[in-house]
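The values are calculated or read from the model by the stated rules, or taken from the named source; none is laboratory data. Model, not experiment: these values are computed from the prediction. Cβ placement follows ideal geometry from the backbone for every residue including glycine, while neighbour counts extend to all protein chains displayed.
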Amino acid sequence: MEKTARSLKEVLDYIDEFEQKVEREGIWYRGVTDSTYDLIPSLQRSLPRQTHHGEIQNIERKMFDIFKNVEEIKGKEFTDWELLYLMQHHGLKTRFLDWSYNHLVALFFATYTWDKNQNARLWLLDPHLCNEIFLKEYTIISPLPEKSYFDFLNSFTVSNKIYTFDHYRFNYDDFNRRIRAQSGVFTLHLNRNKLNPNTYALDKLLKNEINYEKILNKSKIFPNEDVVLNYIDIHPDAANEIEQHLLKEDITIKTMFPDLTGTVDYLNSIFPDF
C-alpha cells in the first residue's frame, strides 16, 4: 500500500507507528531524495552485470591500498574496518550502505539535495531482525578490530546476504567527526552481481530470504518483511516544514559535515547569490 506523507506530522506519526511494532529500541533510518532509488551500495550499483566476485574484491583492494597511503592517513593506526568506514564517508565506492540511528539525520539526507520534482523516501530498518533473517542471530555485528575486512569477505564468497554493522565502539579521532555527527551505521552487502544489480536491493533480497525460510522451516514463525524493513515516501508539500524543523533542531550542513567543506557549503547555503 502506498504510504506518502504530505506533512512533518505524518512522517513522525509513521515513524512512531513502525517503532511500536519493534520489540526493542534501535531503529535505523535512511533518507534518499528519490523514492525510486534502490537499496544498493555504490560499488555494486556501478559494476557491470556478472562481474565475478574475485574481480570485485580486486577493485576493493586496489582502492583500499591507495587510500591507506594518502598522506593524511599514512602511518596512523587504523584497522581495515575503520579505513573502509572512512572510505565510505568520503565518497569512495564500497559495499556499505549508510544508515543512521537518528531519524532527523536521515530526514536531512532525504531533503539536503532534493530537487522536489519527485517524492523523497525515508527507509526504516530493524537491524536486529535483519541479521536474524540473514545471519540467524538476533544481534548487530561489531567486527573485531584485529580481523581483516578481506578475510571476512573471503568467508562469504558465494553469499548474497546483507548484514547490519555497528561501528561506534571503535576509537576514532578527527577523521571520524562526520560519522559521529551523522550517527552513522552500515549494512554490508555481499552481493556478487551475477544478475542485474537491482535484483540485489535490500528489500528484494529480504523478501526472498523470508519466503525461502518460510518454505524451509514451516514450523517456525517468521516476521513479515514490512516489520523488518519499511518506508514512508515524502511529498514535496512537506519539504519546507521538514527543513524548518531540521533547522530548529540544528541539523544543518554545518553540523552534519563538521569540517571545512561542510562550513563552506553551509555559508553558501545561507547567503544569497550576489
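Looking for whichever is of a type in the set (Lys, Arg) and under 24 Å from Leu206 (Cβ atoms) here; the options are Arg45, Arg61. Which one fits? Step by step, each of Arg45, Arg61 is checked, and only Arg45 is of a type in the set (Lys, Arg) and under 24 Å from Leu206 (Cβ atoms). Out of all the residues in the range 43-66, which are in contact (Cβ under 8 Å) with a residue 12 or more places away in the chain and farther than 20 Å from Asn154 by Cβ? Arg45, Ser46, Pro48, Arg49, Gln50, listed by residue number. Scanning the range 221-245 for residues being free of Cβ contacts under 8 Å to residues at least 60 places away in the same chain and aliphatic (A, V, I, L, M) gives a total of 1.
The residue that is modelled with the highest pLDDT, counting only those in the range 141-158 that are farther than 11 Å from Leu188 by Cβ and of a type in the set (A, V, I, L, M, F, W, C), is Phe150. Within the span defined as the range 164-180, one or more residues are within 28 Å of Trp81 (Cβ to Cβ), in a helix (DSSP H, G or I), of a type in the set (Asp, Glu) and at pLDDT below 65. Selection of the range 248-274 for residues being assigned to a helix (DSSP H, G or I) and either more than 23 Å from the chain's Cα centre (by Cα) or at pLDDT below 80 (or both) yields Lys248, Leu260, Thr261, Gly262, Thr263, Val264, Asp265, Tyr266, Leu267, Asn268, Ser269, Ile270. Counting only residues that are more than 18 Å from Lys136 (Cα to Cα), modelled with pLDDT under 75 and outside any loop (DSSP other than H, G, I, E, B), how many does the range 191-228 have? Summing the residues that are more than 18 Å from Lys136 (Cα to Cα), modelled with pLDDT under 75 and outside any loop (DSSP other than H, G, I, E, B) in the range 191-228 gives 3. Taken together, Ser46, Ser42, Ser35 contain a single residue that is of a type in the set (Gly, Ala, Ser) and closer than 16 Å to Thr187 by Cα, which is Ser42.
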